[in-house]
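Derivation of every value follows stated rules applied to the coordinates shown; laboratory data play no part. This is a predicted model, so every value here is computed, not measured. Backbone-built Cβ (ideal geometry, glycine too); neighbour counts: all protein chains shown.
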Amino acid sequence: MAAPRIITPADEARDITKNDIVELIEDLPGVPAGTLGKVLMVTGFTWIRFNVLFTNSVNVGQIDRAKLRLLTKAEAKAARKARRAA
């Protein structure tokens, strides 16, 4: 029987992929918490990091998964609709 697979933090971070819409959970320089952004790139092997372009036109690389919340498809659709209406 095969040994059980150990889930690592890197495995948990893989739920976010390129082009996903995310929300920032805590403030970063130039980007307040609650700002939405689009994931441009996912990098790393054991520590997964994200490069995100936020709606305030700030591009931040090396963001840890703990600082991002993945929006559901419905939330992302509503956010895009609201942005177009503004």
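Scanning the range 38-86 for residues that are basic (Lys, Arg) and surrounded by 11 or more Cβ atoms within 10 Å (Cβ to Cβ) returns Lys38, Arg49, Arg65, Lys67, Arg69, Lys77, Arg80.
Tallying residues that are within 11 Å of Ile16 (Cβ to Cβ) and of a type in the set (Val, Ile, Thr) within the range 45-86 yields 3. For the range 43-86, the tally of residues that are in contact with a strand residue (DSSP E or B) (Cβ under 6 Å, 6 or more places away or on another chain), without any contact (Cβ under 8 Å) to a residue 40 or more places away in the chain and either assigned to a helix (DSSP H, G or I) or β-branched (Val, Ile, Thr) (or both) stands at 6. When the range 12-42 is limited to residues that are part of a loop (DSSP other than H, G, I, E, B) and acidic (Asp, Glu), the one that is nearest to Lys77 (Cα to Cα) turns out to be Asp20.
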